[in-house]
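The values are calculated or read from the model by the stated rules, or taken from the named source; none is laboratory data. Bear in mind the structure is a predicted one, so any value in this text is a computation, not a measurement. Cβ placement follows ideal geometry from the backbone for every residue including glycine, while neighbour counts extend to all protein chains displayed. Only protein heavy atoms, including side chains, enter the accessible area calculation; ligands, DNA and RNA are left aside. Shrake-Rupley method; radii C 1.70, N 1.55, O 1.52, S 1.80 Å.
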Amino acid sequence: SPRIDLRADIDHLRALVRADRQVTVSGELQTGLRDGQLQVRGKITADRAAITLPDESAPGLGSDVVVRSAAIEREAREKAEREAQARSDEAEDAQKPQEPLLRRPPDIAVVFDLGNDFAVQGRGITTRLEGALDIRANSLTAPPRVTGEVRTAQGQYRAYGQALDVESGLARFNGVVDNPQLDIFALRPNITQPAGV
């Protein structure tokens with residue numbers, strides 16, 4: 001079986017370049033393939049990030065609106081033909097006995113540091129984020145496990161027609177990435193009686 005050893009030093013790599021998401025990272029990664037197992041180790045730090053979250057109130061068509069277009073129907077027909085051809089090719093390849101490149105689950109352990117310039121804006125929040133996440137994966141079917149904390153820094157939250165200062169904002173990760181523990185407290189500034197969310 002093949003054996004691969006790769007070390008990459010990353011210096012200001014623009015990992016995301018979109019109008020609403022821009023991320024530049026630096027760090028180092030070590031990757032190896034031995035005995036059918038992929039192993040990845042490393043630490044990546046965000047040099048700069050600007051994430052704009054989509055607005056929930058974006059307009060959309062009602063469920064009773066149907067749009068017909070000859071071009072869209074032609075595209076759908078061509079896409080269906082390409083997918084059918086791809087399935088046919090996969091069926092032919094499946095009949096050929098091949099030894100899989102990865103015979104064992106991967107072993108991935110990467111630390112992602114948000115750095116000092118990770119800005120998020122949208123859905124009422126404007127803030128910088130700080131913290132580090134430890135990302136580990138050792139299964140081909142299960143999502144990676146994430147541990148660590150992400151904190152807000154100098155955040156503002158707009159809700160109920162008010163601009164609130166985020167006094168403390170913390171997301172703790174200890175498992176799957178889409179289920180963090182949230183501890184967020186925002187107060188209306190410059191008033192004698194505290195009020196907020």
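Quick grid of which residues meet (1) under 25 Å from Asp117 (Cα atoms); (2) open to solvent by 30 Å² or more (accessible area, probe 1.4 Å); (3) in a strand (DSSP E or B); (4) touching a helix residue (DSSP H, G or I) at 6+ places or on another chain (Cβ under 8 Å):
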position	(1), (2), (3), (4)
Pro2	no, yes, no, no
Arg14	yes, yes, yes, no
Val25	yes, no, yes, no
Leu33	no, no, yes, no
Thr45	yes, yes, yes, no
Ala49	yes, no, yes, no
Pro54	yes, yes, no, no
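Scan region 72-87 and tell me whether some residue there is touching an Asp or Glu at 6+ places or on another chain (Cβ under 9 Å) and outside any strand (DSSP E or B).
Let us first name the residues in region 72-87 that are touching an Asp or Glu at 6+ places or on another chain (Cβ under 9 Å), namely none.
Within region 72-87 (the criterion being touching an Asp or Glu at 6+ places or on another chain (Cβ under 9 Å) and outside any strand (DSSP E or B)), the answer is no, since none of the residues qualifies.
Specify which of the listed residues (Val40, Val65) is outside any helix (DSSP H, G or I) and surrounded by 10 or more Cβ atoms within 10 Å (Cβ to Cβ).
On the way: Val65 fails: surrounded by 10 or more Cβ atoms within 10 Å (Cβ to Cβ).
When all the criteria are applied, what remains is Val40.
Assuming Asp89 fulfils every condition listed in (1) touching a residue at least 60 places away in the same chain (Cβ under 8 Å); (2) of a type in the set (D, E, K, R); (3) farther than 23 Å from Gln22 by Cβ apart from one, which condition is it?
It is condition (1) that Asp89 fails.
How do the strands (runs of 3 or more DSSP E) wholly within region 94-197 filter down when requiring 1 or more residues that are open to solvent by less than 60 Å² (accessible area, probe 1.4 Å) and modelled with pLDDT under 85: which remain? Break it down stepwise before answering.
Working: elements: 107-113, 118-122, 125-137, 145-159, 162-176, 181-187.
Ranges flagged: 145-159.
Restricting the first residue to region 161-184 and requiring it to be closer than 19 Å to Pro143 by Cβ, which pairs with a second residue that is exposed (fewer than 12 other Cβ atoms within 10 Å of the Cβ) and among the aliphatic types (A, V, I, L, M) meet a Cβ separation below 7 Å and a spacing of at least six or different chains?
Listed by first residue and then by second, the contacts come to Ala171/Leu182.
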